[in-house]
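These notes are about the structure you will find just below.
The values are calculated or read from the model by the stated rules, or taken from the named source; none is laboratory data. Since this is a predicted model, take the numbers as computed values, not measurements. So basically every Cβ, Gly included, is an ideal-geometry build from the backbone, and we count neighbours across all protein chains shown. Note: areas computed on protein heavy atoms with side chains; ligands, DNA, RNA excluded. Shrake-Rupley method; radii C 1.70, N 1.55, O 1.52, S 1.80 Å.
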Amino acid sequence: MDSELQDLSSKPQSEVDQDDHPLLSPDRSPSSTPPATAEELEKKYAAYVRHDVYGAMGRGELPWTEKVLLGFALVTLLPLRVILATSVVVLYYLICRVCTLFMAPNREDEQEDYAHLGGWRRSVLYWSGRVLSRVMLFAFGFYWISESDASVNNEVDCNEQSEELERPGVIVSNHVSHMDILYHMSSSFPSFVAKRSVGKLPLVGLISKCLGCVYVQRESKSSNTKGVSAVVNERIQEAHRDKSAPMMMLFPEGTTTNGDYILPFKTGAFLAKSPVLPVILKYPYERFSPAWDSISGVRHVILLLCQFVNNMTVTRLPIYYPSQEEKDDPKLYAENVRRLMAREGKLIMSDIGLAEKRVYHAALNGRPTVLHPKED
């Protein structure tokens, strides 16, 4: 399930699309030519460059020791983990099916979800979802996760903060890997933004509806962008007011990086003017990087499952309460939270985005694709 949120407030539908395919479509209008050499590419698109032993796109020449380890994992570890992961998905699907029996999904604003189920149904979905998500992470080799709470000075008015000690309406996180989603499911079981087609997938479709995913239509050129933005804002405000409502989880960068950088934030998570909970994820590695940057989805999953141990560190920052100036200017709000996360997570701030990522992927594939103009 892909949850990379684009800027929900902008007009073009492409701004709410998700980066489900790591490669660039060839139908782009040119504006400038990207660097030709590998060194220039890595310098310009540093946020997407892989530095592990598998190299760019996960296709680098491996030493013989790595080949032996990979071959052994392919015939032993991979099948076992696939069976365990599949069993977890099927089990949670069955739990979702039982909990939604004789219940009609919420259908408003062209959405469909079970996020507002109450009573025992919601409790079962919530706790079993969290536990099984952690089991899924275990199946992927994340046997332990280092979590910490950072203490920073938000520099907000004490009176204003004392009036708003409720939970935040949205969690914002840097985006590195598909595993980000599983971690947040295991930690707080929030709602995500996903492609509308996800809701139609076998097994995963019902699970996404129980999560309360907000669906966007990638292929549609209609004007439903405003509707998606409104739904997200309402969900954020509702979660801020009501502790029983599911929180929203957004990745404001709009795409994944190699984990060392943080990209410009889209404003979708900050339009509701509600407090946000910043979370910083990192994946220390020695052989294979779990980052989903310049590697295909299938290859990424296979190599991740073949790594004997995967590591993750999580830093939760204090709830960020926006000042009145930040409430009036979502771009300022987004940038201030981004700078805070960069400082506390020791992340490098980069000005590139999804467009440049696609150009970099195209260059790695040997296609003479050029950078298209950015949209406001």
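Within the shell of other residues whose beta carbon sits under 12 angstrom from the beta carbon of GLU66, the net charge comes to -1, with Lys and Arg scored +1 and Asp and Glu -1. Note that the range 131-142 has calculated 3J(HN,Hα) couplings of 5, 6, 5, 5, 4, 4, 4, 4, 4, 8, x, 8 Hz, one per residue in order, obtained from phi through the Karplus relation 6.51 cos²θ - 1.76 cosθ + 1.60 (θ = phi - 60°); glycine and proline are x. With R₀ set to 30 Å, the beta-carbon distance separating SER323 from SER197 gives a calculated FRET efficiency near 0.15. Annotation: amide H-H contacts under 5 Å for GLU112 (H modelled 1.01 Å from N, sequence separation of 5 or more, or interchain): TYR215. The figure for TRP292 is an accessible area of roughly 10 square angstrom, using a 1.4 Å probe on the protein chains alone. Express in whole angstrom the spacing between the alpha-carbon centres of the range 45-109 and the range 164-208. Each part's Cα centre sits 16 Å from the other's. For ILE171, nonlocal amide neighbours, meaning residues 5 or more places apart or on other chains whose placed amide H falls under 5 Å from its own, are MET248, MET249, LEU250, LEU277. For the residue pairs LYS200/LYS357; LYS266/LYS331; LYS44/LYS357; LYS282/LYS346; LYS266/LYS327; LYS273/LYS331, the C-alpha atoms sit more than 18 angstrom apart in LYS200/LYS357. Amide hydrogen proximity for TYR261: with H placed 1.01 Å from N in the peptide plane, the residues at 5 or more positions away or on another chain lying under 5 Å are ILE348. The figure for ARG316 is an accessible area of roughly 60 square angstrom, using a 1.4 Å probe on the protein chains alone. Accessible area per residue was computed with a 1.4 Å probe on protein heavy atoms; ILE348 scores about 80 Å². In terms of accessible area, using a 1.4 Å probe and ignoring ligands and nucleic acids, HIS116, HIS51, HIS175 rank largest first as HIS51, HIS116, HIS175. May I ask for the net charge around LEU94, where only other residues with Cβ less than 15 Å from the Cβ of LEU94 are counted and Lys, Arg are +1 while Asp, Glu are -1? Taking every Cβ under 15 Å from that of LEU94, the sum is +3.
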